[in-house]
Each structure stands twice: as C-alpha cells, then as structure tokens.
Amino acid sequence: MKETQNSIGAYLKLHWKTAVFLVVLLIGIGLADIFVDSYMRRLLNLCAIYVIVSLAMNLVNGFTGQFSLGQAGFMAIGAYTVAVFTVPIESRAAIFYLEPMAPFLANIQLPFIVALILGGLASVVVAFFIGSPCLRLRGDYLAIATLGFSEIIRIVFTNTQSITNGALGIKSIPTISSLWWTYGTALLIIIATVLLINSTYGRAFKSIREDEIAAEAMGVGLFKTKMTSFLIGAFFTGIGGGLFAALLGTVDPKQFYFTLTYNFLLIIVLGGMGSISGTIIASFVVTLGQEALRFLDEPMAFGLDLPIFRPGLRMVVFSFLLMVIVLFYRKGLMGTNELTWDFIAQKYRSIKKKLSGKKTSTEGGGN
Amino acid sequence: MVVGMTMETFLQQLINGLSVGSLYALIAIGYTMVYGILRLINFAHGDIFMMAAYFTYFGIAVFFLPWYVTFIITIGLTMLLGVTIERVAYRPLRDAPKTSLLISAIGVSFLLENVATYLFSGKPQAFPEFPLMTTPFFIGGLSFQPVSIVIPIVAFILMSALLFIINKTKIGMAMRAVAVDYDTAKLMGIKINGVISSTFAIGSALAAVGAILWCMKYPSVLPLMGVVPGLKCFIAAVIGGIGNVKGAVLGGLILGFSEVLMVAFFPALTGYRDAIAFVILIIILLFLPNGLLGKKQVEKV
C-alpha cells in the first residue's frame, strides 16, 4: 500500500505540470459546459469529434505509414449503428414511412453507450475485411480500397431502405448536448493512443513507417502489426461517427461523402503526420477555421460587391491550404514532435536566442 | 434472374459494355502510365477528366466554337493541365516520402473539384446533344446509338497509336526504361523530366478524348463527375496489372462488360452498379495481386 502511494507521489512529482494542466483542462470543459451557448457548444463538440477521428487517422497514416482514406465510411458505420439502435421505438413508424423497419431490428433499442461501442465494433469488422487483402500487399492499394469502400458504404446505406431508411436518412436520434460525452471520449482516446504509441506496439508501428523491410528483418510481423493499427483506427473512427450522429440528431448518406475524409487529411497534415498533440491542435484550428471562414461563401456584405465571394470559395481556400502545406511545410505544425514541456521550453529558449541574436547582428533571418 | 433476355438485347448489351469498357480503358491508361513511372496513384486524373469535360462544354455550349476546334482546344488544354500539375505539385516532391506525394495528388484532386464547383457551380450542366451521335439506327431489329460504335473505334485507334509510340519510338523506349529502373535510366542520360512530362501529356490527352466521348454518351457535366470514373479506372488498371498499358485496356473492358451485364441480368442490383468495381478489386487483390498481365514485383532493399 505504502509502495503504491510512493510511486504515485513520485509520478506526480515528475509530471506535476501535466497534472495541473489536466485539472485546468477539466475545469475549463466544465465551465464551458455550463456557460457556452448552443452554437458554440455544437462547435466545441464537433472539435472533439474531429480530434477523435483525426487521431485515429494519424495512428494509421502518420504513425504506421499506411494510407487509409476510409474515415468517412467508418464514421458512417458508427453513425448509422447509433442511429438505428437509439431512435425511440415509438417514432420509428413516422421515420420509416416509405418502408417499415426490418422486423428483426424494429423493436430493439439500446442505451447510447452500448450503441456507440457497437458502432465501433461494426467498423472493426468491416475494416478487417478491407484490410485482409490490402495490408498483405506493399503499395498503395489500401488508399484506393478504403476510398472505394467509403463510396460503397454510401451506396449500400442508400439501398437498404428497411434498415437505414435509404436516402431519406434517420431523424430524431436522441441527441447529446453536454460536452462531457465528446470530450470525455476524446480524452480517453487520447490517453489510449499515447499509451499505445509508447508501447511495444507503437514502436512496431513506427518501425513499419520508417522502413518496412528493416522492420520485417527485425522480427516485426508486418501484416499483424498493420492490421492492429488499422483496426484500432477503425474502432476509434466508428466511435467518432457515433458521437457525430448523436450530436447532429440526424444521419443521411450525403453527410458521409468522401470529401469529409479530406477534412481529416488536412488536419493530420497540418498538425504533423505522427504527432498526437499536433493533431489535437490542428483539429481545433481547422474546425474553428472552417466556421470562421464561412463569410467567404457569402456575397460580400460590405464595400464593393465583388463576385469573388460566393459558395465554394471556402473549400477552395481549404484545398489550397492543403496543397501549400504539403508542398512547402511538409512537416506541418509539429512534424513528428510532441508538445511536451521540454519541447515548449526548448522552443522558448530558441526564440529568445533568436530575438537577442537579432539585436546584436544586423542579419536576423528566420521565421 | 434472366427475364426476357433475347439474343437481340443481349447483343445490344454487349455493344454497350464494349463502349463503356473502352471509355474506362482510355482513362485507365493515364493511371497505369503514371503509376508505371512514378509509382504514384494520380488521384487528380479523374479530375483532369472532369476539367476536359468542362472545356468541351464551354467550347461548344458557351463560346459556340465548331466541334472540331473545340476538341483540339480541349485536348490541348487538358494536356497542358496534366503537365502543369506534374510540374507544380509532383516534381518538387519527387525525393520526398511517398506519403507526401500521395497527399499532394489528393490535394490537387480536391483543389480541382473545389475550383470547378466554385467557378462552374455544383449543379450539373446539360451537355449539348450531338444528333449525329445519338440518333439511333437499326440493324436487323437492333437499335444502336452511333456513339456506342464510335467510342470503341476511336479508343482502338488511339490505343494502337499509343502502343506504337511506346514500342517503336525513342520517347517510348525512354518511358519503358524509366518504368523499369528510374535511377539507371537517369544514369544512362535519359532526360527524366521530359519523359515524365510526356507521360502526363499522353495520359491527359487520352483522358480528354475519353471525356469528350463520355459526354456524348452521358450528356451532362458536373464538378464531381470525375470521382467515380476515376476510382473505377484505377481499379481497371489494377485488374489488368498496374503499370501495363495492355493490362489497363483489358481491365477497362472487363469492368465495362461486368457492369453492363450485371445490370442487364440482375435489374434488382441496378443501385449497386458502382459497387461492382470494388468487389472485383478486393477479389483481384486477394487472388491475383499483380493483376492479370502484371509481372510479379520484387521489393528490393
């Protein structure tokens, strides 16, 4: 007993800054949960969901070096699982008015948390079937197969009228409005990812990213390790999708167009492929940025009525941003670094050095 | 099951499959050539195809140019677009990690789609009809659209020309050399950049012709029209053996026939028409990962 107390004490001594930071963060979320208005609440919830899905994508693409583009599809599976199993039974007849819900599902209603986990597991099952042929091969087949899968899953969901209500989608899903669901899940997933990355598995993931042949020679089972990463990623993405459905209260196949995946791609590229903290920062930057730049899509309300501002400009800006980052700032914000206290201290020192260096010499370059 | 499938309708479906397959083949060649040389899935290829369709649409329906002028301008502009994309988005990343190159390709694709949505609006535009190509004619009780016959003929001529270029000309020899061994080809004095540019030019030109013929068959243009054909044609290239031009043609035809015949035999599955390509992809990757005509690739250290 005394020993464990000691080790906890030692741990706290070592990580007191992180502990303080976590406490501040939790208080911050708690305060936000009480005070923010419904628009901001929805936006903050969306940020947390983007953190979850982007983190899962970075696990596969950034840490393991496998190029998966199936995020929209896995989210759709998670979202539809939550939708189908949590919609109140009494409102089902009104939603499924074209064709009644399949009898084997019509009377099943599950608690949200169960449906959420079920959605993650359903994603895992599907990911297994996509991964088995693709992850055995070297090359980029995974990219095309996962992108194709997210198109197929939309086609399937549009055609299975009695389960998913086809193109009409499912409405009146019980919604979550508290920030704790999304942020709690996001925190759990962040912690799980950090532990995973620092474990033997995490080192195996990174070794595959750096050099498959060398990793294999060192005894890393390529297929098994890639599959582990891909399945964990799919599970998290499915959970993210389930939260997404519960946040919006409605799902339909159009929400899960493959362009959704490109948002997450932008996030992980901006944050740095292979950086957890970079992904978290970039999730907020991109989600809030997309909201802040909404004015680009509207005709100018002030000054000259330039025809430049019209629907679509925002997405042009975002895709252009993706290109600029890939071409000129390939490492993104963080590269493969993490935002640790040492990292901050180091940055602080180097900035300070640069500033003082500027004073002494006339040539003060740098960024 | 087979409901009222007569010999006539079956023949008609075969012609239809041939024309759809030839279109796929024309686009698939662009994928396979780029993959053969750069080992890159050129995600932007489907969107180059889409831009070509818009060029044709603007030439004919907006600027009222004669069709032959429009076709020449379209092919020229599309080649320019393809070469520019390679120059701007792929060349600076040639020594970067593969993932960066792949992301760049996705970025270009996303950018083209968004720029097209922004400039031309997301609504589909009606492509002017070519009465010469769409008025059906009859042979022995069978009705054909002339375009269904023209597509395979044009495709056949272009593919023969391409095979001639690849196998008999100097630039074709250089392309083959670069595809076999990039570094050695460089050491032998082959101008890599020129070879890659001409690969993109040829691929884009074929995509442009594909787009023109596509719009005659399916007369509407929209910014996301290149996505699904793009994915399918990459799959066609994988079916035939990625990197192999004849394989891409074979894969395109197989895909075209399977789609058309599946819908003809099982009308209930019409909604799943776009899904069959991916089912075939999974099967091919499981049992014949190098494709039908591909060589076994050995990964070297």
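FYI, it's all coordinate maths here, none of it is from the lab. What you see is a predicted model; the values in this text were computed from it and never measured. Positions of Cβ are generated from backbone atoms using ideal geometry, with glycine treated the same way; all protein chains shown enter the neighbour counts.
Table: residues versus (1) assigned to a helix (DSSP H, G or I); (2) closer than 21 Å to A:Gly78 by Cα.
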| site | (1), (2) |
| --- | --- |
| A:Ala245 | yes, yes |
| A:Asn263 | yes, yes |
| A:Met273 | no, no |
| A:Ser277 | yes, no |
*Extreme residue, surrounded by the most Cβ atoms within 10 Å (Cβ to Cβ), among residues of segment B:94-104 that are of a type outside the set (Lys, Arg) and more than 7 Å from chain A (Cβ to nearest Cβ)*: B:Leu101
*Residues in segment A:325-333: is at least one over 18 Å from B:Ile103 (Cβ atoms), surrounded by fewer than 22 Cβ atoms within 10 Å (Cβ to Cβ) and free of Cβ contacts under 8 Å to residues at least 12 places away in the same chain?*
no
_Suppose we keep only residues that are more than 9 Å from every other protein chain (Cβ to nearest Cβ) and more than 20 Å from the chain's Cα centre (by Cα) within segment A:146-160. Which one would you say is nearest to B:Ala277 (Cα to Cα)?_
A:Phe157
*Of the numbered conditions (1) under 30 Å from B:Glu8 (Cα atoms); (2) in contact with an Asp or Glu (Cβ under 9 Å, 6 or more places away or on another chain); (3) among the β-branched types (Val, Ile, Thr), B:Thr134 fails exactly one; give the number of that condition.*
(2)
*Residues satisfying the stated conditions in segment A:247-261, i.e. part of a helix (DSSP H, G or I) and more than 21 Å from A:Asn165 (Cβ to Cβ)*: A:Thr259, A:Thr261
*Which of the residues belonging to segment A:131-188 are among the small types (Gly, Ala, Ser) and surrounded by fewer than 18 Cβ atoms within 10 Å (Cβ to Cβ)?*
A:Ser132, A:Ser162, A:Ala167, A:Ser172, A:Ser177, A:Ser178, A:Gly184
*In segment A:176-201, how many residues are assigned to a loop (DSSP other than H, G, I, E, B) and under 20 Å from the mean Cα position of the chain (by Cα)?*
4
*Any residue at all in segment B:82-93 that is among the aliphatic types (A, V, I, L, M), surrounded by 23 or more Cβ atoms within 10 Å (Cβ to Cβ) and more than 13 Å from the chain's Cα centre (by Cα)?*
yes
_Take the conditions out of contact with any helix residue (DSSP H, G or I) (no Cβ under 8 Å at 6 or more places or on another chain), more than 14 Å from chain B (Cβ to nearest Cβ), part of a loop (DSSP other than H, G, I, E, B) and among the small types (Gly, Ala, Ser) and apply them to A:Gly219. Does it pass?_
yes
*Kindly list the number of the only condition in (1) surrounded by 14 or more Cβ atoms within 10 Å (Cβ to Cβ); (2) more than 14 Å from chain B (Cβ to nearest Cβ); (3) of a type in the set (Val, Ile, Thr) that fails for A:Thr64.*
(2)
*Say whether the condition of being within 11 Å of chain A (Cβ to nearest Cβ) and either touching a residue at least 60 places away in the same chain (Cβ under 8 Å) or among the charged types (D, E, K, R) (or both) is met by at least one residue in segment B:54-69.*
no
*asked:* Criterion first (in contact with a helix residue (DSSP H, G or I) (Cβ under 7 Å, 6 or more places away or on another chain) and over 25 Å from A:Ile144 (Cβ atoms)) does B:Ile153 satisfy it?
replied: no
*Looking at segment B:181-193, which of its residues are surrounded by 11 or more Cβ atoms within 10 Å (Cβ to Cβ) and part of a helix (DSSP H, G or I)?*
B:Tyr182, B:Thr184, B:Ala185, B:Lys186, B:Ile192, B:Asn193
*asked:* Exactly one condition in (1) within 14 Å of chain A (Cβ to nearest Cβ); (2) surrounded by 24 or more Cβ atoms within 10 Å (Cβ to Cβ); (3) touching a Ser or Thr at 6+ places or on another chain (Cβ under 8 Å) is false for B:Gly30; which is it?
replied: (1)
*Quickly run through segment B:105-121 and pick out the residues that are within 7 Å of chain A (Cβ to nearest Cβ) and over 20 Å from the mean Cα position of the chain (by Cα).*
B:Asn114, B:Val115, B:Thr117, B:Tyr118
*Are any residues in segment B:123-162 in contact with a strand residue (DSSP E or B) (Cβ under 9 Å, 6 or more places away or on another chain), more than 19 Å from B:Leu18 (Cα to Cα) and surrounded by 11 or more Cβ atoms within 10 Å (Cβ to Cβ), and if so, which ones?*
B:Pro124, B:Gln125, B:Phe127
*Quick one: in segment A:248-270, which of the residues that are surrounded by fewer than 23 Cβ atoms within 10 Å (Cβ to Cβ) and closer than 18 Å to A:Leu168 by Cα is nearest to the other protein chains (Cβ to nearest Cβ)?*
A:Tyr257
*Tell me which residues, restricted to segment B:268-293, are over 17 Å from B:Val227 (Cα atoms), of a type in the set (Gly, Ala, Ser) and without any contact (Cβ under 8 Å) to a residue 12 or more places away in the chain.*
B:Ala268, B:Gly271
*Report whether or not B:Val238 is surrounded by 23 or more Cβ atoms within 10 Å (Cβ to Cβ) and within 12 Å of chain A (Cβ to nearest Cβ).*
yes
